[in-house]
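The values are calculated or read from the model by the stated rules, or taken from the named source; none is laboratory data. Only a predicted model underlies this, so the values are computations on that prediction, with no experimental measurement involved. Cβ atoms come from the backbone with ideal geometry, glycine included; neighbour counts cover every protein chain shown.
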Amino acid sequence: MKRILVVILLLFSATSFAAHIKGGFFTYEYLEAGNGNSHKYRITLTVYMQCNPNTNQVSDPINFTFFDAATNTQVRQESVRVTSQYNLNKVRDEECLSGDQRGCYYTIVVYTLNEVSLPNNPNGYTVSYQRCCRIAGVSNISNSGEVGNTYSITIPGTNVSAAAPTNSSPMFLVNDTVVVCADSYFEYPFQATDKDPNDILTYEFCSAWVGGGPGNGGPSGSGQNGPAPDPAAPPPYNTVPYVFPYSESQPLGSGVTINPTTGLISGIAPPLTGQGEYVVTVCVTETRNGLIIGRSRKELHIKVGACQPIKPRLEPRYITCDGFTLTFRNFNTNPDIRTLYWDFGDGNFSTETTPTHQYAAAGNYTLKVVANRGELCADSIEVPVGVWPGFFPAFNTAGICITNPVNFTDATTTNYGVVNYWRWNFGDQTTLADTSRLQNSSWQYANIGPKTVQLIVGNSMGCVDTIERVLTIIDKPPITLAFKDTLICIPDPIQLQASGTGIFSWATAAGTFATNNPSPTVAPTTTTMYYVELNEQGCINNDSVRVRVVSEVTLIPMNDTVICRTDEVRLRVTSDGLRYTWTPAATIVNPALQNPVARPTDPFTTYSVLATIGSCSANASINVTTIPYPVANAGNDTVICYNEPAYLHGSHDGNRFTWSPAASLLNSGSLNPIAYPPRTLQYVLSSWDDLGCPKPGRDTVLVTVLPKIIPYAGNDTAVVVNQPLQLQATGGTRYVWDPSTFLDDPNIATPIGRYPASIDSIRYKVLVYNQAGCYDSTSVKVTVFKTNPYVFVPTGFTPNGDGLNDVLKPIAVGVREIRYFRVFNRWGQMVFATTINGHGWDGRINGTLQATNTYVWMVDAIDYTGQKIFLKGTATLIR
């Protein structure tokens, strides 16, 4: 089974004297009676140092300082030499731990005062030695690089017992090569032996002491006056500054304990932090015949390493209090653990990594798990398991008023054992004293509001659970009333309904009525106020109810009314009734309302209403006459051309009418006005009469205005004799060409013309129609050349902006396509190019007007028969 390396370190400093001590202890042995009234002793100091210290770190000789054990007065000093020095080595590696643990662990330096004769002193003697320093970064000591050490032991006097001066102290074993792995289970023996068989030794953790400092000038009596104070400071000695959560009683944390009988330290090692050093001090108390004879101390710096043992790691105890099933897990993550063998303690076994087991019966069991069972590196651990189902935590409360304490009663039940542990936290944020360990307790809160009450409860079988409840503290108990103001009719009774926690009491202002019934029945003959009080354990709240009393139901209906047929009307009555019933209900939206909405369909309807207060009632009725709306007819919708009039034709059966909007109407006071709408528009005809319907009848006519026609027949053009020419008109849905001469179809948008040599030109007019038959017209001229297809280019042009001959352009006749028309200056630079017939050069280069000069042009075209035309020539720009 693996053990844990315990390494004791001392602080390192810049000097050769510091940072080398790793612990130590004093022992003494009684030799014999001395001359006169004295005793002889052998006193030994064993010091643990870092391996192979230098000669300055091993002081030789040193002085043992002796003090009166009661007065702490120095009585003598003895110079002591080194009697032995050796290394404490580990020569074999721990095969079942990760890493190599061989090597030097400590240098042990022993100082022995072989014989000292001390006069009899009833108080006894204290022997001390102090030395600095510990290493920096010790995990459980603050600022450890400035903290030294004190070794001390007390030889008892006759004040303890007559035989006490002949006592010999326990002898600690020097066996400190145990390996400690961080966050893993370990065992470390601090065992001591005693030559007196009647002495009983008990072990406990105790405080490490300060002694010696990194330099001179420490406070008097602090033990800090230099690295090796000589003489040592007198007792008492100060405790080293432990770092939370570590302390003298928990130097390795709450997971590590010491067996008081054997001195075995065991548990889960702390994590690897800082240097991994932890200061541990164990005190051994000698008891003989019920008397404490003496106390010895051994201090070490235990070093926690990054190794991992094979030993499984479990919870310290498993318990189930709500069933028979538990899941177990090994927390040791050492990859060398290859198998686990679980013995559940009830005859059942498992080799699963994380087994879940159901026990058959309640009871205590021992769980054992073996790692690497049957292999060389195998280890095991046993922990107790408690199976005690049927533990049900609960508690009750009484009272929620700020003026009184709240009582808390434990209501926990258990099927096994007895409930024997309670810890209350009443959730009062104004104090830290709001706790209790009583089974049943009470607490008075300092302020109102929600309080989270917590109960931790346990039983004698080890079951522990926590429950919470939010309790709202109030300044007065809440009263819930069914109503606060109501109406009754003589002689009806009514039940006053109140609810809440506590005792109710009702009364009137005159005191003529009193009862503790939360919901009493009353029958007052006049309007009365009833006052209710709720008392919850002395916490008081008050409220009231008004009961208004009448002897009959008041019901005044609205006047009869006339409405337009198909309209709705709200029926209104003035009444103090509590309930209403209207008839006929079929045409009323909600016949139970006091003032409902009606939608009558008949020319004449009588609506009746019954208003009630308890057993009292009253009736009324309202007549509703419906008059049809006047009939208006604005005529049929129409479509008109752009900028054309629309002729409206209306009719009605009333005695007056209006058209709207009237702004675009001629003679709007006529039933047949003329409309000139600027766009598509609706005109409304409204008709009124004097038959009783106050609203007009209306009708609407839509006048749709078509968009303006924009006719287009193309630009004037030229052809040669017998060349087919396709004309193109746009802007409408129908076209008529006039004259139809030479056209293949004069009633389409794209007729084709072919012209003989007998005419020079012809102009066509085309009528363009839209879908409504509206039309507009345009024209195009066709010039007929009696030549072959050709591209004409003028020999000169005058770009002066007068609109005459301002550009040099091609004029193509009988040409299907101009592939290019280009103009060049006399240096061969192209100054203009186009592929569009009639598009020409304006005499500018890059926006600059050119002077009078001659320019070369070239044209490449295809005629209507597909033949190529290539021409070139010159033209003069004239300024």
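Among the residues of the range 570-580, not one is over 22 Å from Ile490 (Cβ atoms), of a type outside the set (Lys, Arg) and either surrounded by fewer than 19 Cβ atoms within 10 Å (Cβ to Cβ) or at pLDDT below 95 (or both). Taking the range 791-806 as the range and being part of a loop (DSSP other than H, G, I, E, B) and either within 30 Å of Tyr864 (Cβ to Cβ) or not polar (S, T, N, Q) (or both) as the test, the residues that pass are Val793, Pro794, Thr795, Pro799, Gly801, Asp802, Gly803, Leu804, Asn805, Asp806. Against the conditions (1) assigned to a strand (DSSP E or B); (2) more than 28 Å from Trp688 (Cα to Cα); (3) of a type in the set (A, V, I, L, M, F, W, C), Ala586 satisfies every one except (1). For the structure I just gave you, tell me whether Arg826 is assigned to a strand (DSSP E or B), at pLDDT below 90 and in contact with a strand residue (DSSP E or B) (Cβ under 8 Å, 6 or more places away or on another chain). Considered against the rule, which asks whether it is assigned to a strand (DSSP E or B), at pLDDT below 90 and in contact with a strand residue (DSSP E or B) (Cβ under 8 Å, 6 or more places away or on another chain), Arg826 comes out as no. The residue that is surrounded by the fewest Cβ atoms within 10 Å (Cβ to Cβ), among those in the range 305-344 that are among the β-branched types (Val, Ile, Thr) and closer than 27 Å to Cys463 by Cβ, is Thr327. Checking every residue in the range 362-369 against the condition of being within 40 Å of the chain's Cα centre (by Cα) and modelled with pLDDT of 95 or more gives zero matches. Mind listing whichever residues of the range 426-460 are crowded, with 18+ Cβ neighbours inside 10 Å and within 17 Å of Pro393 (Cα to Cα)? Answer for the range 426-460, where residues must be crowded, with 18+ Cβ neighbours inside 10 Å and within 17 Å of Pro393 (Cα to Cα): Phe426, Ser441, Val453, Leu455, Val457, Gly458, Asn459. Kindly indicate the residue of the range 161-213 that is charged (D, E, K, R) and closer than 30 Å to Pro316 by Cα and also modelled with the highest pLDDT among those meeting that condition. If we take residues in the range 161-213 being charged (D, E, K, R) and closer than 30 Å to Pro316 by Cα, then Glu204 is modelled with the highest pLDDT. Against the condition over 27 Å from Thr554 (Cβ atoms), surrounded by fewer than 15 Cβ atoms within 10 Å (Cβ to Cβ) and β-branched (Val, Ile, Thr), how does Val631 come out, does it pass? In short, yes. Of all residues in the range 646-690, which are over 22 Å from Pro630 (Cβ atoms) and either basic (Lys, Arg) or in a strand (DSSP E or B) (or both)? If the condition is that a residue be over 22 Å from Pro630 (Cβ atoms) and either basic (Lys, Arg) or in a strand (DSSP E or B) (or both), then Ala646, Tyr647, Leu666, Ile674, Ala675, Arg679, Leu681 are the ones that fit.
Looking only at residues of the range 247-258 that are under 30 Å from Thr65 (Cβ atoms) and of a type in the set (Ser, Thr, Tyr), we find that the one that is surrounded by the most Cβ atoms within 10 Å (Cβ to Cβ) is Ser247. Please verify whether the range 404-423 includes one or more residues that are under 42 Å from the mean Cα position of the chain (by Cα), modelled with pLDDT under 95 and assigned to a loop (DSSP other than H, G, I, E, B). The answer is yes; a qualifying residue exists. So which residues in the range 553-569 are surrounded by 14 or more Cβ atoms within 10 Å (Cβ to Cβ) and either touching a helix residue (DSSP H, G or I) at 6+ places or on another chain (Cβ under 9 Å) or outside any strand (DSSP E or B) (or both), if there are any at all? Val553, Met558, Arg565, Asp567 - these are the residues of the range 553-569 that are surrounded by 14 or more Cβ atoms within 10 Å (Cβ to Cβ) and either touching a helix residue (DSSP H, G or I) at 6+ places or on another chain (Cβ under 9 Å) or outside any strand (DSSP E or B) (or both).
Please work out if Leu455 is farther than 21 Å from Asn535 by Cβ and assigned to a strand (DSSP E or B). It is true that Leu455 is farther than 21 Å from Asn535 by Cβ and assigned to a strand (DSSP E or B). When Tyr359, Tyr365 are checked against the criterion of being surrounded by 17 or more Cβ atoms within 10 Å (Cβ to Cβ), in contact with a Gly (Cβ under 8 Å, 6 or more places away or on another chain) and either aromatic (Phe, Trp, Tyr) or not assigned by TED's automatic domain parsing to the domain that holds Cys133 (or both), Tyr365 stands alone in meeting it. Scanning the range 122-165 for residues that are in contact with a strand residue (DSSP E or B) (Cβ under 7 Å, 6 or more places away or on another chain), without any contact (Cβ under 8 Å) to a residue 60 or more places away in the chain and in a loop (DSSP other than H, G, I, E, B) yields a total of 2.
Here the condition is being under 30 Å from Asp863 (Cα atoms) and either of a type in the set (A, V, I, L, M, F, W, C) or out of contact with any helix residue (DSSP H, G or I) (no Cβ under 6 Å at 6 or more places or on another chain) (or both); of Gly692, Gly732, Gly697, Gly714, it holds for Gly714 alone.
For the range 840-879, filtering for residues that are part of a strand (DSSP E or B) and closer than 18 Å to Pro799 by Cα leaves 14. Cβ-Cβ distances below 7 Å connect the following pairs, each with a first residue in the range 416-435 that is within 13 Å of Val464 (Cα to Cα), a second residue that is loosely packed, with under 12 Cβ neighbours inside 10 Å, and a separation of six or more residues or different chains: Trp422/Arg437; Trp422/Leu438; Arg423/Arg437. Only a single item in (1) in contact with a Ser or Thr (Cβ under 7 Å, 6 or more places away or on another chain); (2) part of a loop (DSSP other than H, G, I, E, B); (3) surrounded by 19 or more Cβ atoms within 10 Å (Cβ to Cβ); (4) not hydroxyl-bearing (Ser, Thr, Tyr) is not met by Asn837, and it is number (1). Test Gly669 against the criterion of being under 60 Å from the mean Cα position of the chain (by Cα) and either not polar (S, T, N, Q) or not assigned by TED's automatic domain parsing to the domain that holds Thr583 (or both), and give yes or no. For Gly669, the condition - under 60 Å from the mean Cα position of the chain (by Cα) and either not polar (S, T, N, Q) or not assigned by TED's automatic domain parsing to the domain that holds Thr583 (or both) - is not met. Looking only at the range 574-611, residues that are touching a Gly at 6+ places or on another chain (Cβ under 7 Å) and without any contact (Cβ under 8 Å) to a residue 12 or more places away in the chain come to 0 in all. How many residues does the range 393-403 contain that are modelled with pLDDT of 90 or more and buried (at least 17 other Cβ atoms within 10 Å of the Cβ)? Going through the range 393-403 one residue at a time, the tally reaches 2.
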